[in-house]
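Worksheet for the structure shown next.
The values are calculated or read from the model by the stated rules, or taken from the named source; none is laboratory data. Here the structure is a predicted model, which means the values were calculated and not measured. Cβ placement follows ideal geometry from the backbone for every residue including glycine, while neighbour counts extend to all protein chains displayed.
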Amino acid sequence: MMRIAVVGVGHLGQHHARILAAMEQVELVAVVDTNRERADEIAAANQTRAVYSAEAIVGRVDAVTVAVPTDAHVDVAMPLLEAGVSVLVEKPMAHTVAEADALVAAARKSGATLAAGHTERFNPAVAAAAPLLSDPRFIEVHRLGAFPQRSLDIDVVFDVMIHDLDVVLSIVKADVESIEAVGVPVLTGKVDIANARLRFTNGCIANLTASRISRDRVRKIRFFQPAAYLSVDYAAQKLEMWRLVAGAGMPSIEGGDVPVADGEPLKLELEDFVDAVRSKREPRVTGEHGRRALALAQEIANKML
């Protein structure tokens, strides 16, 4: 049995606890939160122990998932990694790129597994699209949502757009050459709606829009490549593909829905993390991947100043 704990059981961490408590060959030994009432509630719901300080679980666990506010990521994760405890840190991986570098270095030194929590990489529709993509030339992303009651301590780029930055970086096998970006604070003192246009060294262009002030909820990414177009609906976990088919006469466009396996992205992510720790392999989304997405998000944010 792998001994694991969840640190931070708010909006997202409660789902970490739910999934891990039901996972085979995993023992959820504790949930940790400084809010004692919340920790007690989630512990009771998942038949485990409530702990109120992350320091108290060192030496009692093999792995930990961290879902505390972003500015506390390094304070929670660093002592665990230094003690050889494997850690999955929710996105954004850290408050600064320097902090992300420190986490990566600590994991490398101790030999602990470090994973970044970018769940869209585990979205079944994204997974189904990946093998069908070949040198996309233009990528268009819209991630729009209603005003939230959480994560208002960070810009929409770090809270929302970073999901898609990680996906785009995993698909485009080239470096970012240039960035154009604009962001507007609307309801908070942070940027609430942002657009970024990325040009890669291979000529691909990605145009990303992220908003947390939309009346409509939209989570889509579209890929345009020679003779083909793919559209992923993250929320519906739906994939469409259309191809240009040459014939004896006029070419035609054929396509439609592509089969997508069912699956909860967060569950698939946690299963990958547990297996990576157990088998001592790299997780699908490594600390280095999390650091790269954070660094690009920071570059975009800097363009908005």
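Identify, by number, the condition in (1) within 26 Å of A67 (Cα to Cα); (2) in contact (Cβ under 8 Å) with a residue 40 or more places away in the chain; (3) not aromatic (F, W, Y) that G189 doesn't meet.
Single failed check for G189: (2).
Exactly one condition in (1) free of Cβ contacts under 8 Å to residues at least 40 places away in the same chain; (2) assigned to a helix (DSSP H, G or I); (3) not charged (D, E, K, R) is not met by A293; state its number.
(1)
In segment 136-145, is there at least one residue being assigned to a loop (DSSP other than H, G, I, E, B) and touching a Cys at 6+ places or on another chain (Cβ under 8 Å)?
Taking segment 136-145 as the starting set, the residues that turn out to be assigned to a loop (DSSP other than H, G, I, E, B) are 136-137, 145.
Checking the rest, the ones that are also touching a Cys at 6+ places or on another chain (Cβ under 8 Å) come to 136-137.
For segment 136-145, residues assigned to a loop (DSSP other than H, G, I, E, B) and touching a Cys at 6+ places or on another chain (Cβ under 8 Å): present.
Select from segment 202-216 the residues that are charged (D, E, K, R) and either modelled with pLDDT of 95 or more or within 18 Å of the chain's Cα centre (by Cα) (or both) and list them in ascending order.
So in segment 202-216, the residues charged (D, E, K, R) come out as 212, 215-216.
Scanning segment 202-216 gives a single hit, R212.
Looking at V277 and the list (1) over 18 Å from the mean Cα position of the chain (by Cα); (2) surrounded by fewer than 17 Cβ atoms within 10 Å (Cβ to Cβ); (3) at pLDDT 95 or above, which single condition is not satisfied?
(2)
Mind listing whichever residues of segment 108-125 are surrounded by fewer than 21 Cβ atoms within 10 Å (Cβ to Cβ) and without any contact (Cβ under 8 Å) to a residue 40 or more places away in the chain?
Of everything in segment 108-125, those that are surrounded by fewer than 21 Cβ atoms within 10 Å (Cβ to Cβ) and without any contact (Cβ under 8 Å) to a residue 40 or more places away in the chain turn out to be R108, K109, S110, G111.
Just wondering, is there one or more residues in segment 220-230 that are in contact (Cβ under 8 Å) with a residue 12 or more places away in the chain, in contact with a Pro (Cβ under 9 Å, 6 or more places away or on another chain) and crowded, with 19+ Cβ neighbours inside 10 Å?
Yes, segment 220-230 contains a residue that is in contact (Cβ under 8 Å) with a residue 12 or more places away in the chain, in contact with a Pro (Cβ under 9 Å, 6 or more places away or on another chain) and crowded, with 19+ Cβ neighbours inside 10 Å.
Kindly list the number of the only condition in (1) buried (at least 16 other Cβ atoms within 10 Å of the Cβ); (2) farther than 28 Å from A228 by Cβ; (3) over 18 Å from the mean Cα position of the chain (by Cα); (4) not assigned by TED's automatic domain parsing to the domain that holds A67 that fails for A146.
(1)
Go through (1) surrounded by fewer than 15 Cβ atoms within 10 Å (Cβ to Cβ); (2) farther than 22 Å from Q237 by Cα; (3) not aromatic (F, W, Y) and name the single condition A130 misses.
Going through the list (1) surrounded by fewer than 15 Cβ atoms within 10 Å (Cβ to Cβ); (2) farther than 22 Å from Q237 by Cα; (3) not aromatic (F, W, Y), A130 breaks only (2).
Assess whether E140 counts as being touching a strand residue (DSSP E or B) at 6+ places or on another chain (Cβ under 6 Å) and under 30 Å from A228 (Cβ atoms). Can you show your working first?
Working: touching a strand residue (DSSP E or B) at 6+ places or on another chain (Cβ under 6 Å): yes; under 30 Å from A228 (Cβ atoms): yes.
Considered against the rule, which asks whether it is touching a strand residue (DSSP E or B) at 6+ places or on another chain (Cβ under 6 Å) and under 30 Å from A228 (Cβ atoms), E140 comes out as yes.
I need every pair where a residue in segment 270-283 that is acidic (D, E) has its Cβ under 6 Å from the Cβ of a residue that is crowded, with 18+ Cβ neighbours inside 10 Å, sequence separation at least 6 or different chains.
Close Cβ pairs satisfying both conditions: D272/P283; D272/R284.
Against the condition out of contact with any Asp or Glu (no Cβ under 6 Å at 6 or more places or on another chain), on the phi > 0 side of the Ramachandran plot, surrounded by fewer than 21 Cβ atoms within 10 Å (Cβ to Cβ) and not assigned by TED's automatic domain parsing to the domain that holds V7, how does D175 come out, does it pass? Let's see the steps before the verdict.
Numbers: out of contact with any Asp or Glu (no Cβ under 6 Å at 6 or more places or on another chain): yes; on the phi > 0 side of the Ramachandran plot: no; surrounded by fewer than 21 Cβ atoms within 10 Å (Cβ to Cβ): yes; not assigned by TED's automatic domain parsing to the domain that holds V7: yes.
Answer is no for this residue.
From the list V186, V160, V232, which residue is outside any loop (DSSP other than H, G, I, E, B) and modelled with pLDDT under 95?
Numbers: V186 fails: outside any loop (DSSP other than H, G, I, E, B); V232 fails: modelled with pLDDT under 95.
Checking each option against the conditions leaves just V160.
What do you reckon, is V168 of a type outside the set (S, T, N, Q), in contact (Cβ under 8 Å) with a residue 24 or more places away in the chain and either assigned to a strand (DSSP E or B) or in contact with a Ser or Thr (Cβ under 6 Å, 6 or more places away or on another chain) (or both)? Give the derivation first.
Numbers: of a type outside the set (S, T, N, Q): yes; in contact (Cβ under 8 Å) with a residue 24 or more places away in the chain: yes; either assigned to a strand (DSSP E or B) or in contact with a Ser or Thr (Cβ under 6 Å, 6 or more places away or on another chain) (or both): no.
Considered against the rule, which asks whether it is of a type outside the set (S, T, N, Q), in contact (Cβ under 8 Å) with a residue 24 or more places away in the chain and either assigned to a strand (DSSP E or B) or in contact with a Ser or Thr (Cβ under 6 Å, 6 or more places away or on another chain) (or both), V168 comes out as no.
Looking at E27, E37, which is the one that is modelled with pLDDT of 95 or more and either in contact with an Asp or Glu (Cβ under 8 Å, 6 or more places away or on another chain) or farther than 22 Å from G84 by Cβ (or both)? Reasoning before the result, please.
Details: E27 fails: either in contact with an Asp or Glu (Cβ under 8 Å, 6 or more places away or on another chain) or farther than 22 Å from G84 by Cβ (or both).
Unique residue meeting the criteria: E37.
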